[in-house]
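Peer 1: To start, I am sharing the structure in question, which I have written as structure tokens.
The values are calculated or read from the model by the stated rules, or taken from the named source; none is laboratory data. What you are looking at is a predicted structure, and each value in this text was computed from that prediction instead of being measured. When we count neighbours, we look across all protein chains shown, and the Cβ atoms used for this are built from the backbone with ideal geometry, even at glycine.
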């Protein structure tokens, strides 16, 4: 269920435009589902209950309809103790129903979309940097979420270490590996000065937040 098929999936009355990162989905739903995690969202995807779109680099992007679908699944588990097999069967029936016959989901607050000028103001970076980070993350800067703020802030912290705009995409793709290498170096080196160790810790922190913004 992706592409044209996802536009016919329940709920039909909501936008199926893939605009939200996985972190934005967590932010939107954790008020009601406090135990929700990235691994849980990935599990629901593995079970075929929701199918986010993927960017060319493999990043998940969810629609407003996806967020409501996830919430409905979680309610069936939490409040009605339904097994996933039954939930999947009911979703398939709702997917196949006409718009008149399919139930409408309760409306929840949408993940907040942020204008690039607002991101620039919050992060202290210029608009060109915000748009460059958005391109590297493969998101529309005019319909981005709070994850873009995290990414721009992390890029700002990495700039003193020589990061340039042309480096953004490779850094996004390699962020997790870099975090692991920095952590290993910090843990194993006994000859690192306090100043260097502090710099490495700040670098690791920035990279961790960059990775979190692109899950």
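Peer 1: Going through 152, 130, 122, 179 one at a time, which residue ends up being touching a helix residue (DSSP H, G or I) at 6+ places or on another chain (Cβ under 8 Å), at pLDDT below 60 and either outside the structural domain of residue 55 (by TED's automatic domain parsing) or more than 25 Å from residue 60 (Cα to Cα) (or both)?
Peer 2: Among 152, 130, 122, 179, only 179 is touching a helix residue (DSSP H, G or I) at 6+ places or on another chain (Cβ under 8 Å), at pLDDT below 60 and either outside the structural domain of residue 55 (by TED's automatic domain parsing) or more than 25 Å from residue 60 (Cα to Cα) (or both).
Peer 1: Give the range 32-55 a look and list any residue that's over 16 Å from residue 20 (Cα atoms) and without any contact (Cβ under 8 Å) to a residue 12 or more places away in the chain, or say none.
Peer 2: Hits for the range 32-55 are 34, 35, 39, 40, 43, 46.
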